[in-house]
Ligand SMILES: Nc1ncnc2c1ncn2[C@@H]1O[C@H](COP(=O)(O)OP(=O)(O)OP(=O)(O)O)[C@@H](O)[C@H]1O
Ligand code: FES
Ligand SMILES: [Mg+2]
């Protein structure tokens with residue numbers, strides 16, 4: 001996958017499949033430490049210790065339509081091939097935290113890519129799930145919270161076209177702002 | 001900078017101009033995009049975004065764009081299933097954002113399946 005935002009979309013699909021109600025996505029960048037960290041936290045079904053132990057092996061999946069799971073091994077490989085690290089914590093009934101650390105300046109680190117489209121896709125296909133997207137570049141932060149949005153929206157569905165457009169514009173504009181340009 | 005203030009203005013504008021949309025009712029057409037890892041890697045996200053844009057552009061109120069996991073045909077990804085109420089499911093394969101406008105106008109709006117993009121034509 002040639003964008004980190006596509007890995008994020010994919011890893012969040014696991015949380016959706018695990019029936020999470022709240023999903024937090026953190027993308028934290030630190031130029032001084034030369035690191036970019038992606039964290040996806042959910043309150044879904046979680047994994048048994050046995051599944052957890054095997055899940056980074058690309059032959060493990062609980063799906064029935066094919067025998068191998070690819071999402072987690074691909075992200076692990078992407079992080080480790082930049083000299084970074086990868087970990088998962090999970091507990092049945094509590095939820096899961098996936099943590100992938102990349103070396104920011106490494107030539108094999110994919111760009112973050114189109115996070116606006118990733119957030120739009122997640123919101124439109126899962127209007128009942130609460131998403132929190134936290135983005136940090138150095139000291140600058142941005143947060144998008146669907147819970148906050150729904151409070152403002154009242155009865156207007158979060159999947160309304162005008163609202164989705166706002167989501168995309170907000171993520172794009174803040175990304176520019178965080179990267180120093182406006 | 002975009003803000004929640006702006007979102008509030010959107011709510012006021014939209015709510016006064018339309019009735020709250022009746023989404024997800026039994027009379028809705030459903031567009032289901034396969035979003036397993038292989039689908040995403042093959043380009044499912046821009047296809048989903050193109051459906052959302054096209055449905056918004058045409059102001060179609062009874063069309064829901066949703067996702068599912070693996071549909072089971074990796075080599076034909078991205079795969080999109082279209083469910084029009086009262087009709088058989090239609091499976092479109094090797095989708096791209098470019099094919100979306102035609103599916104929306106011919107199939108979803110005018111009821112004519114775009115045969116050349118379907119799984120039947122690909123097999
Ligand atoms: N957040 C999560 N909560 C609960 N279980 C999870 C979570 N993430 C992964 N799993 C479990 O780990 C398995 C492997 O995940 P992985 O993403 O690697 O493959 P997959 O989702 O099965 O298939 P693919 O990602 O290739 O479409 C899943 O089938 C699921 O059982
Ligand atoms: S894994 Fe490819 S279609 Fe399901
Ligand atoms: Mg997966």
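We did not get these values from a lab; they are worked out from the coordinates using the rules stated. Treat the numbers as computed from the prediction; the structure is a model and nothing was measured. Here the Cβ is made from the backbone with ideal geometry for all residues, glycine too, and neighbour counts use every protein chain on show.
Computed quantities for the displayed model
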read-out	value
Helix B:4-17 axis, angle to chain B major axis (alpha carbon atoms, nearest 10°)	90
Relative contact order of chain A, pairs being alpha-carbon contacts under 8 Å that are 6 or more residues apart, as %	24
Antiparallel content of DSSP bridges confined to the protein assembly as shown, in %, to 5	75
Ranking of B:51, A:86 by count of other Cβ atoms within 10 Å, fewest first	A:86, B:51
Order of B:107, A:7, A:106, B:62 under a 10 Å beta carbon neighbour criterion, fewest first	A:106, B:62, B:107, A:7
For chain B, the fraction of alpha-carbon pairs in successive 5 Å shells from zero, as %	2, 11, 19, 21, 17, 12, 8, 6, 3, 1, 0
Overall form of segment B:53-123 per C-alpha gyration tensor (a/c, 1.5; a/b vs b/c)	prolate
Percent RCO, i.e. relative contact order, over segment B:23-122, from Cα pairs under 8 Å lying at least 6 residues apart	32
Three-way shape label, the protein assembly as shown, alpha-carbon gyration tensor, a/c 1.5	oblate
Projected area averaged over orientations for segment A:4-178, convex hull of C-alpha atoms, nm²	10.6
C-alpha long axis of helix B:44-57 to longest principal axis of chain B, angle in °	50
